[in-house]
Amino acid sequence: MAEPGNRVAAGEPRSPWLRGGFVLAAAFIGFIAVIGAVLGVASDISGDDGSTTAKEPTTGAAGPSSAASTDAGTACPAPADSPQDVPNSAPTGVTWTLYDTVALPSSKKAGPAVAGKDLARCYAHTPVGALLATSQISVRYLAADDWLEVTRTQTVGAGRDAYIADRTKAEQTAAPGPDDGAHGQIAGFRFVTHNDTTAVIQTVWRFPDGRMQAATTTVLWQDGDWRLEYPADPPDPTPVDSLAGYTPWGGV
C-alpha cells in the first residue's frame, strides 16, 4: 500500500457531491452512501514505484490523450492485459492517483487507457479491468464536474434515470452540507462472481475513524467497455470489522 505524501493545498476545490451531508440530504441510498461520504483533506499519493503522484492530470494510463480522444464515441485502444483468473492478491503495475480527494487505481495494461478530466474509460476485458472500472466509475459519477456525462456514458441499469432526475433536482434546490473532514478510501476488494459479461465486486472503504464498510457493485461488459450497473434498488453497504476474507488493496 502506498504511503501518503505531501498534502495538496487546503484551498483545492472539492466536489460538494463528495460531502456526506449533501449526499444524505438528497436521500441517495445503497453504495452511494459509502462512496458519497468520501470527502476531506486531499493528500498526494505515492505510486508503487515510490514516486509521488498529485491530483490526476488529463492523461490516460496509456499516455497523453487529446480532448477529442476522451470522447466516449471514439474507439478504445486495444489493452495489453490478457484474460486471466480472478485476482486473489493485489494486482501488480497499479498506480494510485488522486481524483478530488479519493485515491483511484489505474494500470497501463488494464486501464483506463483513455482518461480526461471527468471520463476515464477503456478497460481491459479481464477481471483486473473490471476491478479498475468499478473503482474509477463509482467515484467519478459522483465527483466529476460533468457527472451527467459520466453517468450517461458509463452507467446502465433501471435506477440510472431516477438518479439523474433526483440529483438534478437536488442540485437546483439543495445546498452542500458542511465538510466535516472525514474521507473514505479503498481498502480492499473481493470478487463475488465474474464471467465474460458481468463482474460483481465488493469494495471495502475505510474511514479515518477506523470504520469500514463494504459496497457491492456490478460492472457489465457492453459496447466494448465495462459499465457500472445502477440497479433500481441498490444494495445497502455493510459494516466490516476487518479485511479478513478480502484482498487488502489501496493507495492511502
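The values are calculated or read from the model by the stated rules, or taken from the named source; none is laboratory data. Everything numeric here is computed off the predicted structure, so don't read it as measured data. Cβ placement follows ideal geometry from the backbone for every residue including glycine, while neighbour counts extend to all protein chains displayed.
Read through the list (1) among the hydroxyl-bearing types (Ser, Thr, Tyr); (2) surrounded by 24 or more Cβ atoms within 10 Å (Cβ to Cβ); (3) part of a loop (DSSP other than H, G, I, E, B), then give the number of the only condition that Tyr141 fails.
(3)
Name the residue that is surrounded by the most Cβ atoms within 10 Å (Cβ to Cβ), counting only residues in region 208-222 that are touching a helix residue (DSSP H, G or I) at 6+ places or on another chain (Cβ under 9 Å) and farther than 11 Å from Thr238 by Cβ.
Going residue by residue through region 208-222, those that are touching a helix residue (DSSP H, G or I) at 6+ places or on another chain (Cβ under 9 Å) are 213-215, 217-219, 221.
Those still in the list that are farther than 11 Å from Thr238 by Cβ too: 217-219, 221.
On the way: Thr217: 26, Thr218: 21, Val219: 29, Trp221: 18.
Out of the qualifying residues, it is Val219.
Quickly run through region 233-249 and pick out the residues that are surrounded by 11 or more Cβ atoms within 10 Å (Cβ to Cβ) and either in contact with an Asp or Glu (Cβ under 9 Å, 6 or more places away or on another chain) or in contact (Cβ under 8 Å) with a residue 60 or more places away in the chain (or both). Lay out the reasoning, then the answer.
Taking region 233-249 as the starting set, the residues that turn out to be surrounded by 11 or more Cβ atoms within 10 Å (Cβ to Cβ) are 234-238, 240, 243, 245-249.
Result: Pro234, Pro235, Asp236, Pro237, Thr247, Pro248, Trp249.
Is at least one residue of region 150-167 buried (at least 23 other Cβ atoms within 10 Å of the Cβ) and in contact with a Gly (Cβ under 8 Å, 6 or more places away or on another chain)?
Scanning region 150-167 turns up no residue that is buried (at least 23 other Cβ atoms within 10 Å of the Cβ) and in contact with a Gly (Cβ under 8 Å, 6 or more places away or on another chain).
Please state which of the following conditions Leu131 fails to meet, knowing it meets all the rest: (1) within 19 Å of the chain's Cα centre (by Cα); (2) part of a loop (DSSP other than H, G, I, E, B).
With respect to (1) within 19 Å of the chain's Cα centre (by Cα); (2) part of a loop (DSSP other than H, G, I, E, B), Leu131 is out only on (2).
Do you know which of the residues in region 87-119 that are without any contact (Cβ under 8 Å) to a residue 60 or more places away in the chain and charged (D, E, K, R) is farthest from Asp225 (Cα to Cα)?
Ranking the candidates gives Lys117 first.
Name the residue that is farthest from Val219 (Cα to Cα), counting only residues in region 115-128 that are at pLDDT 95 or above and assigned to a strand (DSSP E or B).
The selected residue is Ala120.
Report the residue count in region 208-228 for those that are free of Cβ contacts under 8 Å to residues at least 24 places away in the same chain and touching a His at 6+ places or on another chain (Cβ under 9 Å).
The qualifying residues number 0.
Go through Val252, Val204, Val192 for me and flag whichever is surrounded by fewer than 18 Cβ atoms within 10 Å (Cβ to Cβ) and over 17 Å from Tyr123 (Cβ atoms). Break it down stepwise before answering.
On the way: Val252 fails: surrounded by fewer than 18 Cβ atoms within 10 Å (Cβ to Cβ); Val204 fails: surrounded by fewer than 18 Cβ atoms within 10 Å (Cβ to Cβ).
Residue meeting the stated conditions: Val192.
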